[in-house]
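Here's the structure, in structure tokens; my notes come after.
The values are calculated or read from the model by the stated rules, or taken from the named source; none is laboratory data. In this text, all values refer to a predicted model and were calculated from it rather than measured experimentally. Cβ placement follows ideal geometry from the backbone for every residue including glycine, while neighbour counts extend to all protein chains displayed.
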């Protein structure tokens, strides 16, 4: 619907200019043209906000789900693979005392 409303906005603007301003229409016709343009803009704003909210909500939930699965996977691994390395294993020479 937002795409259709986006396409309707230039149509409403063209109609306002061609049938209202260019021909010297009455004030009632101009008012109707501006009301149409405002209505299209309002509908476009509502649909755009709904799309933004939906995409944000979906992104938050997907991120939370991925984070939970990764955390569960890391916790399920053997404890020995999660031990911090000893100084000699990680960085040779760090575990030695100077003479």
Query raised in the report: Checking residue 84 against (1) surrounded by 12 or more Cβ atoms within 10 Å (Cβ to Cβ); (2) at pLDDT below 85, which test does it fail?
Result: (1)
Report task. Kindly list, by first and then second residue, each pair from a residue in the range 46-74 that is at pLDDT below 95 to a residue that is surrounded by 10 or more Cβ atoms within 10 Å (Cβ to Cβ), limited to pairs with Cβ atoms under 7 Å and residues at least 6 apart or on different chains. Result -> 47/1; 47/2; 47/5; 48/2; 51/2
